[in-house]
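Okay, structure first, notes after.
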Amino acid sequence: MLFVLGTICLVSGLNLTKKQTILKTWVKTTGVVLDSRITTYYKYITLKKPVLLYFRLEVIYEYKVENKIYRSNKVGLLGDYESSSKSEIERLHNEYKKGDKIIVYYNPENQSQSILIKDDYEGAYFASTLLFVGITSLGLLLFIFVSYIREFYVSIYAQKFFKKKKSNGA
């Protein structure tokens with residue numbers, strides 16, 4: 001189970017880190033906001049007790065590349081942009097009002113992939129957390145495995161040593 005958790009976190013973290021690196025090559029164009037709204041939800045630790053009220057910015061926009069119109073709802077690297085800070089989401093919502101002209105970043109190799117916020121610190125934080133959990137889990141598993149192997153060989157060596165000592169002493 002620890003191996004699966006560690007591997008999933010490590011691969012997901014590496015994938016997000018790779019996406020952040022690729023974003024540097026994305027091209028800037030202009031677009032238009034078709035719809036924009038703020039939604040709220042609770043993040044839970046347990047099913048019964050909400051931890052925090054979160055706010056999510058949902059934006060639908062269009063942009064044009066090489067005379068082809070694309071439509072997207074990706075705000076940041078992880079999709080919708082969310083925060084526990086209502087003022088932060090309201091500030092962003094004011095930048096993405098219905099009908100506003102906006103800057104859109106799109107992938108030149110797949111022009112249907114786009115985002116509005118290129119420097120998505122939430123995505124960077126999430127990627128770092130996944131990498132940390134993945135490396136820590138796999139490191140702990142390796143430590144347990146090496147300790148087990150060490151104990152195994154120490155017990156075999158001890159058995160041989162005591163057999164020799166017993167045969168020499170008898």
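Brief remarks on what is shown
- Residue within region 113-121 that is modelled with pLDDT under 70, open to solvent by 40 Å² or more (accessible area, probe 1.4 Å) and not basic (Lys, Arg) present: yes
- Qualifying residue in region 89-103 (condition: open to solvent by 30 Å² or more (accessible area, probe 1.4 Å), in a helix (DSSP H, G or I), in contact (Cβ under 8 Å) with a residue 12 or more places away in the chain and of a type outside the set (A, V, I, L, M, F, W, C)): yes
- Tallying residues that are crowded, with 16+ Cβ neighbours inside 10 Å, of a type in the set (D, E, K, R) and within 18 Å of THR40 (Cβ to Cβ) within region 57-82 yields 2.
The values are calculated or read from the model by the stated rules, or taken from the named source; none is laboratory data. Keep in mind that this is a model prediction, so the values were computed, not measured. Using ideal geometry, Cβ is built from the backbone for each residue, glycine included, and neighbour counts are taken over all protein chains shown. We work out accessible area using only protein heavy atoms, side chains counted, and drop any ligands, DNA or RNA first. Shrake-Rupley method; radii C 1.70, N 1.55, O 1.52, S 1.80 Å.
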